[in-house]
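Where a number appears in this text, it was derived from the coordinates with a stated rule and is not lab data. Please read these numbers as outputs of a predicted model, since none were measured by experiment. Cβ placement follows ideal geometry from the backbone for every residue including glycine, while neighbour counts extend to all protein chains displayed.
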Amino acid sequence: MANIVKEIRIGIIDDHVLLREGLSAVLRRTGRYDIVFEGETANDAVAFVEKHHPDVILLDLGIEGGGLEALRKIKDRNSDVFCVVLTSCDDPLKAMAALSMGAEGYILKGIKSDDLLQALEGILARKTYVSPDFAMRLVSAVNLQKSVEKPKCALNHREEQVITAVQHGLTNREVANQLKLSEQTVKFYMSSAMQKLGVRNRVSAVQEYQRQMAQGE
């Protein structure tokens, strides 16, 4: 009996009709993707994800209402949806924001169709993808940001709540239940706290937070 390959349900949000039509044609031609919706605003993105429950959404940042805001809402309510930013915006700060919110990919629109399809396959295999030509700029921006950050602890209220809960040995899921947040949102706050504290894992984050609190920083 032949193996049946499941079609990937995908949505496209972009305010350029011609681009949406081109993407749809490329994706449909593979026989791998089922285009379940198209839209052009942040409200479309959030509403259509809630209605159609796609596997993947391709999301432009320059849409009405803001692509980052749409991404935040989608990840907060539907953490299992693969969110791939497909944009002409090559601002490293916006890319860092999108990835920290849980985007599985940040792809610049100059990408070739074959490379896009390959990138999507990697993302579906849970490998974060950033356009190669842009990746080095992104790494440089991250390193620069770290070099100018003050060592002083400057966690916001939510980040402090999350890291305090983690101090007591709670998992992300348990923290999410306690604070009435989604697990993806907890991960976002934890990642943000680790970046501010200049560490790479949860244990080091807790230790550095405790050290700074003890010193009254």
Only residues that are part of a helix (DSSP H, G or I), crowded, with 16+ Cβ neighbours inside 10 Å, touching a residue at least 40 places away in the same chain (Cβ under 8 Å) and within 17 Å of the chain's Cα centre (by Cα): list them for region 88-123, please. 92, 95, 96, 120, 123
Residue count, region 4-46 (criterion: crowded, with 17+ Cβ neighbours inside 10 Å, in a helix (DSSP H, G or I) and within 19 Å of the chain's Cα centre (by Cα)): 4
Kindly evaluate residue 51 against the criterion of being charged (D, E, K, R) and in a helix (DSSP H, G or I). yes
When every residue in region 77-87 that is touching a residue at least 40 places away in the same chain (Cβ under 8 Å) and more than 25 Å from residue 29 (Cα to Cα) is compared, the one surrounded by the most Cβ atoms within 10 Å (Cβ to Cβ) is 79
Any residue at all in region 64-76 that's in contact (Cβ under 8 Å) with a residue 60 or more places away in the chain and either of a type in the set (Gly, Ala, Ser) or at negative phi (or both)? yes
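For the structure I just gave you, tell me whether residue 60 is charged (D, E, K, R), surrounded by fewer than 17 Cβ atoms within 10 Å (Cβ to Cβ) and either out of contact with any helix residue (DSSP H, G or I) (no Cβ under 8 Å at 6 or more places or on another chain) or without any contact (Cβ under 8 Å) to a residue 60 or more places away in the chain (or both).
It is false that residue 60 is charged (D, E, K, R), surrounded by fewer than 17 Cβ atoms within 10 Å (Cβ to Cβ) and either out of contact with any helix residue (DSSP H, G or I) (no Cβ under 8 Å at 6 or more places or on another chain) or without any contact (Cβ under 8 Å) to a residue 60 or more places away in the chain (or both).
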